[in-house]
Amino acid sequence: MNRFKAKREGLKRRQRRVRAKIFGTAERPRLAVHRTNAHIYAQVIDDADSKTICSASTLDPEFRATGKLGSNKEAAELVGELVGKRALEAGVTEVTFDRGGRLYHGRVKALADGARNAGLKF
């Protein structure tokens, strides 16, 4: 097995392990983070109804208007603030954080801090 396939399978294994413990309800939905090399995405998901309540990413027009790059901690913090603001508008104040198998470090941590700054509790 080549090392890239092994890395991908390790990530998938960690994602399954995290998702086995985290479940989003209507009262406390799940804030899921997906990170690529170029962009970062965040969704607030109610797993009981299988619905996405709100989302934000570095591809959103609101983010693009700032003129920032999508692959740094500053951008991740801004996406966290966007998703936090949108979640509060949708009536969500508390979430559980799903780091998606990634380490709670760098851009993932910056997104979480941005969501907390916007007013989300987790």
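Quick notes
- Identity of the residue in the range 25-34, in contact (Cβ under 8 Å) with a residue 40 or more places away in the chain and over 8 Å from the mean Cα position of the chain (by Cα), that ends up surrounded by the fewest Cβ atoms within 10 Å (Cβ to Cβ): E27
- Against the criterion of being over 14 Å from the mean Cα position of the chain (by Cα) and surrounded by 15 or more Cβ atoms within 10 Å (Cβ to Cβ), F4 does not qualify.
- Residue identified as modelled with pLDDT of 95 or more and farther than 27 Å from R14 by Cα among R86, R116, R107: R86
- In the range 47-69, the residue that is nearest to the chain's Cα centre (by Cα) out of those that are part of a loop (DSSP other than H, G, I, E, B) and not hydrophobic (A, V, I, L, M, F, W, C) is T58.
- Hits in the range 1-36 - residues which are touching a Leu at 6+ places or on another chain (Cβ under 9 Å) and either closer than 19 Å to H105 by Cβ or assigned to a helix (DSSP H, G or I) (or both): L31, V33, R35
- One residue from I22, I53, I45 being surrounded by 12 or more Cβ atoms within 10 Å (Cβ to Cβ), at pLDDT below 95 and β-branched (V, I, T): I22
- Selection from the range 75-100 of residues that are of a type outside the set (S, T, N, Q), surrounded by fewer than 18 Cβ atoms within 10 Å (Cβ to Cβ) and in contact with a Lys or Arg (Cβ under 8 Å, 6 or more places away or on another chain): E94, G100
- Residues in the range 70-122 that are in a loop (DSSP other than H, G, I, E, B), more than 19 Å from N37 (Cβ to Cβ), touching a residue at least 12 places away in the same chain (Cβ under 8 Å) and out of contact with any strand residue (DSSP E or B) (no Cβ under 8 Å at 6 or more places or on another chain): 1 in all.
- The set of residues in the range 101-115 being under 16 Å from R30 (Cβ atoms) and crowded, with 16+ Cβ neighbours inside 10 Å consists of G101, R102, V108, L111, A112, A115.
The values are calculated or read from the model by the stated rules, or taken from the named source; none is laboratory data. All values reported here derive from a predicted model rather than from experimental measurement. Here the Cβ is made from the backbone with ideal geometry for all residues, glycine too, and neighbour counts use every protein chain on show.
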